[in-house]
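Asker: Questions regarding the structure given below will be posed in turn.
No lab work stands behind these numbers, since they all come straight from the coordinates. All of these numbers come straight from a predicted model, not from anything done at the bench. Cβ: placed from backbone, ideal geometry, glycine included. Neighbour counts: every protein chain shown.
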Amino acid sequence: MKLKRLLAGAIASIAMLGAASSIHAAVIKTDIIMIVDESGSMGTVQANLRTNIGLFASILSAGGVDAQYGLVGYGDSQVRPRMLTDLTDPNSFATAAQGLRINGGTEPGYTATGFALNALDNQSSLFSFRSDAVKNIIIFTDEPHNGTSTSYGTINGVTPTLLTIDQLLTDNNALFNAVLSGTSTVNSYKSLAENHSGQVFALSGLNTTNQAAVESFVTAFAAAKLQETIDFCTANPTAPGCQPGTSVPAPGALALIGVGLFGLGIMRRRLS
């Protein structure tokens, strides 16, 4: 409870600074698709993601980001990948995340990423990305990409590969982050994150029943995602979501986030 009170105070301070500095609310638009592994080892991760999406969203919102959230499940033994919700608000996302399963064993993460970007051949479920929003993709998994069967989905008739997805992210001007566990898993996705303005985070931050640790991880992860999105718009001011005439949060707002994280003793969790 103390952690929540401190975080709430930090967020309130950011909001007050924004008002005092005439910073517009929701100055950057972003559409975030979270891709979640549905294998048996991911139950705790799924539950923590579901219960902490509000915390994650509140930090982005306080930093001046208008975000929508979509959810892809993959690895399920029946349908993979699949849309659990189109882009929506955090509460609806949390409700949809209750439908995540843990009965899978094959995790075609590249295919799931293609699905998240509406790129699979004959794909019927399409995400309603806003034309003026930055696309953000985040994958959560403890398994490397596997599953080469074309029955999971193809792009131009071929099973997606690392190179295929790297080019697809480039074509969509999309950001990519990966929350991972295991060396082979990191090897599958690290270059995608590094090539597309993101990074790799340790899945252990969500794969625990220690709720204080989970909240610390989510807070640090959201702050990193906020900074990443702002940095992207600073470097690409004409990209969708970063159009001329909009402004990004003043440095003071991000400084307040940093002070709040420092005061809580939070360190960003990364995998090298």
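Asker: Normalised by the number of residues in the range 48-189, what is the relative contact order in percent for Cα pairs under 8 Å and 6+ residues apart?
Answerer: It comes to 21 percent, rounded to a whole number.
Asker: List 164, 95 from most exposed to least, where exposure is judged by having the fewest other Cβ atoms within 10 Å.
Answerer: Listing 164, 95 from fewest to most nearby Cβ atoms yields 95, 164.
Asker: Would you mind giving the three semi-axes, in whole Å and largest first, of the ellipsoid equivalent to the range 159-198 according to its Cα gyration tensor?
Answerer: Output for the range 159-198: semi-axes of 18, 12, 6 Å.
Asker: Moving on to the next point. All other residues with a Cβ under 15 Å from the Cβ of residue 169 taken together, and with Lys, Arg as +1 and Asp, Glu as -1, what is their net charge?
Answerer: Here the charged neighbours net out to -3.
Asker: Right, another one. Taking the Cα centre of each part, how many Å lie between the range 61-99 and the range 109-174?
Answerer: So the two Cα centres are separated by 15 Å.
Asker: Under 9 Å from the Cβ of residue 76, count the other residues' Cβ atoms, weight Lys and Arg +1, Asp and Glu -1, and hand me the total.
Answerer: Counting the neighbours of residue 76, the net charge comes to +2.
Asker: How many nm separate the modelled label positions at residue 210 and residue 228, each set 7 Å beyond the Cα in the direction of the Cβ?
Answerer: Here the modelled spin labels are 2.4 nm apart.
Asker: Extension gain residue 184-residue 103, at 0.36 nm per residue separation less the Cα-Cα distance, in nm?
Answerer: Going from the current span to full extension adds 27.0 nm.
Asker: So, counting K/R as plus one and D/E as minus one, what does the shell of residues with Cβ under 10 Å around residue 185 add up to?
Answerer: For residues surrounding residue 185, the net value is -3.
Asker: Taking the Cα of residue 151, stepping 7 Å toward and past its beta carbon, and measuring to each backbone N in the range 114-136: which are under 13 Å?
Answerer: So the set is empty, nothing qualifies.
Asker: Any idea how far apart residue 118 and residue 236 come out in nm if each label point goes 7 Å out from Cα toward Cβ?
Answerer: 1.7 nm
Asker: Rounded, prolate or oblate: pick one for the range 174-215, where a ≥ b ≥ c are the square roots of the eigenvalues of its C-alpha gyration tensor, a/c under 1.5 means rounded, and failing that, prolate if a/b is larger than b/c, else oblate.
Answerer: oblate
Asker: Taking a ≥ b ≥ c as the square roots of the Cα gyration tensor eigenvalues, with a/c under 1.5 meaning rounded and otherwise prolate when a/b beats b/c, else oblate, which class fits the range 66-177?
Answerer: oblate
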